[in-house]
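Report on the structure given below.
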Amino acid sequence: MKISVIIPTFNSAKTIEGTLKSIISQNWPDLQIIIQDGGSTDDTRSIVEKYPTALLGWQSEPDNGIYDAMNKGIKRDTGEIIAILNSDDTWFPGTLDCVASAFARNPDVGIVSGSIEVWEDAPYGAKVVLKSSLLHLHKGLTVQHPATFVRRNVYDCVGLFNTYYRIGADYDFVLRCLEAGIPWIILTDILVRMRAGGKGGSTFTLDDWKIRRSHQLSSAINETCICANNFARYLARQAVLKTFGRKALSTFRGYLWQKRTYR
């Protein structure tokens, strides 16, 4: 089973080596690494050059955002199973063995998703494990996209990421897959370690609102309640930061995270 991993990058010299090491250490016999770089001006390429397998899949050119980079990578890959891993995230040991086994046991399944460990890159940083779920998507993206592996024919069926959405196209893609009836397996295994503070760091985005409305997942009244609740959380975080400092904010964030099961 050939597995391709797409790594969208831009000026990722500080983190991409850890990502590559976590991929290569899987020791998967038929692995393709696709690095879709947005025109980095730092030492990203020189780090990639240390890993010949990764350098084979290197391409650097301007793109129209992270989802455009993902789409370009998907068009270049040749694997049966496609993963997308951000350039500051890492796979846990045994991730590919676990995922490939799930696909092999279930040949009709199109997508496998697992859990992720989210952590703050700070000495006192918060940490939480978030599961994947298909039951709570009316609230937001509760499938952990960094820990999601997709058969190539799924993209042929439902299409690529919609670049109209700047930070929510993975949410839209997940919903399109469900609407198309793609068979899905949810694993409890923790597959990915992800740094906090990326594109999905906010608890509410305009993209999420647009996607829920376009897929008719919630009413205008419900959306207003969601927006008000998340805005109140934002104000609380800002108040903690201003009054007590960043360490206290991290502790407060950790408390909120531990109350969450999904992203």
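The values are calculated or read from the model by the stated rules, or taken from the named source; none is laboratory data. Bear in mind the structure is a predicted one, so any value in this text is a computation, not a measurement. Every residue, glycine among them, receives a Cβ derived from its backbone with ideal geometry; neighbour counts consider all protein chains shown.
Of note:
- Meets criteria (outside the structural domain of Q144 (by TED's automatic domain parsing) and surrounded by fewer than 16 Cβ atoms within 10 Å (Cβ to Cβ)) for E17: no
- In segment 118-154, of all residues being aromatic (F, W, Y) and in contact with a strand residue (DSSP E or B) (Cβ under 7 Å, 6 or more places away or on another chain), the one that is nearest to P107 (Cα to Cα) corresponds to F149.
- Pairs linking a residue in segment 233-245 that is in contact (Cβ under 8 Å) with a residue 24 or more places away in the chain to a residue that is surrounded by 13 or more Cβ atoms within 10 Å (Cβ to Cβ) and part of a helix (DSSP H, G or I), with Cβ atoms under 8 Å and 6 or more positions apart or on different chains, are R233/L256.
- Any chance T53 is outside the structural domain of L160 (by TED's automatic domain parsing) and either among the aliphatic types (A, V, I, L, M) or touching a Phe, Trp or Tyr at 6+ places or on another chain (Cβ under 9 Å) (or both): no
- All positions within segment 95-132 that are hydroxyl-bearing (S, T, Y) and over 14 Å from the mean Cα position of the chain (by Cα): T95, S101, Y124
- Looking only at residues in segment 73-106 that are out of contact with any Lys or Arg (no Cβ under 9 Å at 6 or more places or on another chain), assigned to a helix (DSSP H, G or I) and of a type in the set (A, V, I, L, M, F, W, C), the one that is surrounded by the most Cβ atoms within 10 Å (Cβ to Cβ) is V99.
- Filtered residues of segment 146-168 (kept if surrounded by 21 or more Cβ atoms within 10 Å (Cβ to Cβ), modelled with pLDDT of 95 or more and under 30 Å from I221 (Cα atoms)): F161
- Residues that are touching a helix residue (DSSP H, G or I) at 6+ places or on another chain (Cβ under 7 Å) and under 20 Å from R193 (Cα atoms) do occur in segment 90-107, at least one of them.
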